[in-house]
Ligand SMILES: *Cc1c(COP(=O)(O)O)cnc(C)c1O
């Protein structure tokens, strides 16, 4: 993977920058990095007339993505969002209405919404401190304590619901300890569907991303390391699962006629989106290299000073470093700190709020949540677009201590 630093490739800037009167241009949190190649492939779609949900770029995107993610055998199905990818993978893996699906509480809400879309209910669990990902030991204990086997199925005693799958989330581009997750899931016969939406470029114990779960779901939304504008992908070594995802994403229509054999929907990626995606995939090493270099520079400049700690980089994986940032001292709010930085033209933001603290999932079954409750409102993400210049990053680094000093004074 290249570590050559941030890209200066801005050949076709489709980029609007908010301008603050006080401080000059706003440095965005994470904006797309698009160039001549993306523009050329898009133009090819327009010229050829292949703009909709079939076309040569969709096929090529599926092949190229499978290859760069290290898929051996099986296949890939391109869809129109990461959320749709998770939903479809769950259904293809056999999740049904009324089931429970194990999900970490610390995630983007799309993970649980995908479960809900399938008619199922998330069973929320805490994360472990090393990776901020699903705690496999906790999951093992919760399964042992709260479920029983009834006619070959795992039933959650308190709700009477069948437990049907596990969805580990690759937080900020780091992977959970997937061998540990796998061991527990295998003990209960549960399929593992990875929400790797922000993890393209990550590896687990030297193994490629595509091999980390029964199905691996990616997002190509505009805020991810690589983008299609909007898009998602399901990768699996199980060709049947991929075929079922494809089937459900195209209105469950087995042939060319208006005969349908299931309740599907239209979730297909368009050839326009796939064209952008093909151009982006060709730059995977460059874009992920830039993300990692940005993370390293923040770590070197900020971590261990001003009460700041690093975002997770667990020993078992190489993170894709989707977002950069820091964990603030106890008592210092990421929301307020981000607001102060924004006022200074720096697009910092707080990060995920655990799902058990959110209205739509407040009543979902859950474990105790000491780990995610202790970190979530102290996680501050900092500008980390792959096109971020060193000068811009220095502006961020210079500003953080000032803003923190003000925040600490407020607390005191
Ligand atoms: C971005 C993201 C999603 C959703 O992907 P979309 O393409 O925006 O639907 C889901 N889960 C995680 C962890 C994400 O970061």
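What percent of all Cα-Cα pairs in region 323-412 falls into each 10 Å bin, going from 0 up to the bin containing the maximum distance?
Using 10 Å bins, I get a P(r) of 16, 42, 27, 13, 2 for region 323-412.
How much of the DSSP beta bridge set in region 167-299 is antiparallel, as a percent to the nearest 5?
60
Suppose R0 equals 60 Å. What FRET efficiency, 1/(1 + (r/R0)^6) with r the Cβ-Cβ distance, do residue 205 and residue 259 give to the nearest 0.05?
With R0 = 60 Å, the Cβ-Cβ based efficiency is 0.85.
Just need the relative contact order of region 105-213 here, percent rounded to a whole number, with Cα pairs under 8 Å and 6+ apart.
Relative contact order of region 105-213: 21 percent.
Just the Kirkwood number for region 171-260, please: inverse of mean 1/r across all distinct Cα pairs, in Å, one decimal.
14.6
Need one number: nm distance between label points at residue 359 and residue 26, each 7 Å from Cα along Cα→Cβ, rounded to one decimal.
2.4
Divide, for region 250-290, the radius of gyration over alpha carbons by 2.2 N^0.38 Å, where N is the residue count.
Normalised Rg, Cα atoms only: 1.83.
What whole-number distance in Å separates the alpha-carbon centres of region 263-285 and region 359-398?
27
If I take every Cα pair under 8 Å that is 6 or more residues apart in the chain, average their sequence separation and divide by the length, what percent do I get for the relative contact order?
25
Where the centre of each part is set by its Cα atoms, how far does region 313-342 sit from region 215-249, in angstrom?
First find each Cα centre; the distance between them is then 27 Å.
With the cut-off at 1.5 for a/c, could you classify the chain from its C-alpha gyration tensor as rounded, prolate or oblate?
Taking the square roots of the gyration eigenvalues as a ≥ b ≥ c, the chain is oblate.
Order these peptides, 247-256, 382-391, by their mean beta-carbon neighbour count within 10 angstrom, highest first.
Sorting 247-256, 382-391 by mean packing, highest first, produces 382-391, 247-256.
Taking a spot 7 Å from the Cα of residue 368 along the direction of its beta carbon, which residues of region 97-132 have an amide N less than 14 Å from it?
Within reach of a label on residue 368, which here means backbone N under 14 Å from a point 7 Å along Cα→Cβ, region 97-132 contributes 126-127.
Spin-label point model (7 Å from Cα, Cβ direction): what's the residue 343 to residue 305 distance in nm?
Computed distance between label sites residue 343 and residue 305 equals 2.4 nm.
What is the order of 27, 193, 375, fewest Cβ neighbours within 10 Å to most?
Taking fewest neighbouring Cβ atoms as first place, the list is 375, 27, 193.
If you take every DSSP beta bridge whose two residues both sit in the chain, what share of them, in percent to the nearest 5, is antiparallel?
Percentage antiparallel, nearest 5: 65.
Every number in this text was worked out from the coordinates using simple rules, so none of it is lab data. Everything numeric in this text was worked out from a predicted model, so none of it was measured. Please note: Cβ atoms are built from the backbone with ideal geometry, for glycine as well, and neighbour counts cover all protein chains shown.
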